[in-house]
Structure formats: structure tokens, C-alpha cells
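Worksheet: the structure to be examined is printed underneath.
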Amino acid sequence: MFIDYAKIRVKAGNGGDGVVSFRREKFIPKGGPDGGDGGRGGDVIAICDVNVNTLLDYRYTKLHAAENGKPGAGKRKTGGSGSHITLRMPPGTEVFLIEEDGTRTKLGEITEHDEALILAKGGNGGKGNINFANSINQAPRHATLGKKTRELQLELVLKLMADVGLVGFPNAGKSTLLSVLSAARPKIADYEFTTLEPMLGVVKAGDYKSFVMADIPGIIEGAHMGKGLGHQFLQHIQRTSVLLFLIDINSPDAIAAYQTLRAELYLYDKYMEKKNFLVAISKTDTLSEEDRQQKIDELSQLFKEQFNISILPISSVSQHNLDKLKRMIYDTLEHS
Ligand SMILES: Nc1nc2c(ncn2[C@@H]2O[C@H](COP(=O)(O)OP(=O)(O)OP(=O)(O)O)[C@@H](O)[C@H]2O)c(=O)[nH]1
Ligand SMILES: [Mg+2]
């Protein structure tokens with residue numbers, strides 16, 4: 001199951017208390033202070049792991065607590081530190097701290113394998129009475145307590161890490177394209193909303209050249225108001241630097257389709273408009289040679305006139321222009 005949102009509770013370890021203790025040895029009736037410091041509490045740390053691709057493990061709001069530091073002891077012994085706990089999360093996870101009054105602040109994000117983000121810092125240990133001895137007070141009778149930590153409420157939001165995001169109406173052929181360009185095996189079918197969760201695939205664009213493509217569920221007009229699957233998966237193309245619009249060559253009005261897609265993206269996040277993009281017309285194999293050429297000429301002209309953009313006709317079935325598409329995506333990425 002793909003989960004891209006979770007709420008968790010975390011608590012770092014309390015610092016161990018410092019202690020009051022005096023040296024007691026035979027023949028030394030009044031030994032000096034020897035109470036050691038408390039140990040540090042453990043941290044709660046998020047670690048980025050490329051082998052994890054969902055927040056499934058964090059589905060249940062459970063408390064992830066690190067160990068408390070141990071108290072100090074006599075003979076100047078410092079208490080042991082509490083162990084840290086690590087939570088493995090997929091690349092692209094953003095972490096927000098939710099305060100009791102509802103304020104939401106971003107703690108950070110993890111994007112690279114093994115990158116760490118401290119979610120909650122362990123409390124410092126208290127000071128033992130050895131720290132408080134001086135020429136005036138040679139037998140201090142006080143020590144300090146370890147710092148107590150509080151439980152934190154965190155929100156985890158996964159935004160997949162891809163270079164290119166596929167955007168199109170349901171059935172446009174997005175998943176099919178990903179399946180022929182990469183080793184990903186998304187579900188493909190002749191009905192709308194086949195894809196219910198995003199999927200990534202690595203596309204090889206030549207020796208040593210590759211990029212990651214994200215397939216997301218189809219978008220329809222009114223998605224911003226929750227129509228279809230709504231906007232819930234658009235966050236996964238928020239990080240991509242390039243968008244690939246896919247429009248079925250058989251769509252009754254390709255221009256309107258394109259405008260609707262752009263409008264829905266804009267209503268979700270106006271920054272989407274600034275991304276570099278390509279427009280591909282899919283399923284060219286479904287028309288006869290003659291009809292195809294006519295349709296492509298007509299659409300090329302319309303897109304040129306209305307938006308001054310060039311379209312690329314493609315087919316996942318006949319492989320028409322797929323190498324060219326990969327090259328164009330790669331070049332666009334390089335200039336993004
Ligand atoms: N002839 C032909 N059929 C295609 C091509 N690409 C996709 N199809 C067919 O179109 C239908 C929809 O393909 P999908 O890849 O599932 O479409 P999608 O855009 O991922 O659809 P959703 O996940 O519902 O948004 C399937 O029946 C595919 O076999 C193509 O290039 N040529
Ligand atoms: Mg699909």
C-alpha cells in the first residue's frame with residue numbers, strides 16, 4: 001500500500017539527573033564531592049532510505065520514543081547516554097512540527113540516501129555535585145536534574161522524487177508510456193482511473209544518461225474541487241523539474257484538454273506553471289497513416305498558433321518517436 005501522509009508522535013530521551021555523592025573511603029572521614037553527571041537522552045532521528053518508498057510504517061499514530069539518559073553516580077561516574085532511535089523514511093519526506101495551538105512549522109526534509117534529520121533532540125544530563133565544589137563551598141549538597149523532553153506531534157508528507165511528471169486525462173496512456181520506457185510495471189487498462197497511486201520508473205536515455213519519471217493518476221476538470229481522484233497525488237509532481245503532458249490523439253478537443261490540465265495544475269499550485277514542459281500526442285498508431293498525418297498537422301498548427309508550442313506525436317505501441325521523446329526530455333532536464 002502506498003501511503004504519502006502520516007502523523008506521528010516522537011519523544012527524545014530525558015537527560016539523566018546529576019547526583020549528590022561524597023567520597024567515602026577508609027581513613028578519609030570527610031571525602032570530597034564525587035557525584036557524577038547524568039547521561040544525555042537519546043535523539044529521535046529520521047534517516048532517508050532509498051529502499052523505502054512509502055510512509056506505510058507510520059500509518060498508525062504511535063509514539064516513537066528514544067531512551068532516557070541514566071543518572072550519574074558516585075565516584076564521579078557519568079550516567080550512560082540513552083540510545084537514539086532511527087526512523088527510516090523514503091526520499092522526499094518532509095517533516096512538519098505541529099504545535100498544540102495548531103501552528104505548523106517545517107522541520108526539514110530528507111532527499112538523499114542516508115541523509116539524517118534530527119526530529120527530537122535528547123535532553124542534556126544534569127550536573128553532579130562535583131561540578132559545584134569551589135574554595136568557599138567544598139561540600140556542595142546539590143546537583144541538577146536532567147532536562148526533560150516533551151512529546152512532539154509531527155506530520156510526515158511524502159513528495160516523490162522524480163525528474164519528469166506525467167500529466168494527462170485518465171486513459172491518455174501515461175502508465176503504458178512509463179511501462180515501455182522503464183522497468184516499472186504499472187497497472188494498465190482500458191478504463192479511467194486505472195492508476196490509483198503514483199509510481200516511479202527509471203528511463204534510460206542513452207549510455208550513462210537516465211532520468212526518473214513519475215506516473216500519477218489521471219486528472220479531470222474539477223480535480224481541484226475533488227472530482228475524480230482530486231488533487232491528492234499532484235504533490236508527487238511538485239518536485240519534478242519537467243512536466244510531460246500526454247494528450248490522446250483521439251480526444252475530441254486536444255486544445256481544451258491541454259488547457260484544462262494546465263488550469264487544474266495551476267489551481268493546485270501556481271508554481272507548476274513555471275515548470276518546463278513538453279506536450280506529446282499519444283496513441284498515434286490508432287489512426288491510419290493518412291488520418292494520422294492530417295490530425296498531426298492540424299494539431300501542430302493549433303498548438304503553434306494558440307500557445308506557440310511544438311507538440312510531439314508518439315505511440316507506446318508502435319514506439320513511434322519514443323527515442324526522440326527521451327532525448328527531448330533529457331535535454332529539457334539539462335536546461336531546467
Ligand atoms: N493503441 C494504443 N493504445 C494505447 C497506447 N497507450 C496506451 N494505450 C491503451 O490505452 C488504455 C489506457 O492506458 P493507460 O496507460 O492505462 O492510461 P493512463 O493514462 O495511465 O490511465 P489512468 O491510469 O486511468 O489515468 C489502455 O487500454 C492501453 O492499452 C498506445 O500508444 N497505442
Ligand atoms: Mg495509469
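The values are calculated or read from the model by the stated rules, or taken from the named source; none is laboratory data. This one's a predicted model, so the numbers in the text were calculated from it and none came from an experiment. Counting neighbours? That spans all protein chains shown, and the Cβs are built from the backbone with ideal geometry, glycine included.
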Residues in region 156-184 that are assigned to a loop (DSSP other than H, G, I, E, B) and away from ligand 2 (no atom under 14 Å from the Cβ) total 6
Quick one: what pairs do we get from region 20-47, first residue over 23 Å from LYS147 (Cα atoms), second assigned to a strand (DSSP E or B) and small (Gly, Ala, Ser), C-beta under 6 Å, 6+ apart or different chains?
-> ILE47/ALA116
Quick check: anything in region 192-212 within 18 Å of the chain's Cα centre (by Cα), surrounded by fewer than 21 Cβ atoms within 10 Å (Cβ to Cβ) and assigned to a loop (DSSP other than H, G, I, E, B)?
-> yes
How many residues, within region 213-228, are assigned to a loop (DSSP other than H, G, I, E, B) and farther than 15 Å from THR260 by Cα?
-> 2
Residue match in region 284-305 (condition: surrounded by fewer than 17 Cβ atoms within 10 Å (Cβ to Cβ) and closer than 23 Å to ASP163 by Cα) | no
Please work out if ILE329 is of a type in the set (A, V, I, L, M), over 27 Å from the mean Cα position of the chain (by Cα) and not in a loop (DSSP other than H, G, I, E, B).
-> no
Go through region 170-208 and count every residue that is within 6 Å of ligand 1 (Cβ to nearest atom), touching a residue at least 12 places away in the same chain (Cβ under 8 Å) and not aromatic (Phe, Trp, Tyr).
-> 12
In region 238-261, is there at least one residue being modelled with pLDDT under 95, of a type in the set (A, V, I, L, M) and under 22 Å from HIS335 (Cβ atoms)?
-> no
For region 136-146, does any single residue satisfy the condition of being over 17 Å from ILE237 (Cβ atoms), crowded, with 22+ Cβ neighbours inside 10 Å and more than 16 Å from ligand 1 (Cβ to nearest atom)?
-> yes
Of all residues in region 75-85, count the ones that are surrounded by fewer than 19 Cβ atoms within 10 Å (Cβ to Cβ) and either over 23 Å from VAL10 (Cα atoms) or of a type in the set (S, T, N, Q) (or both).
-> 4
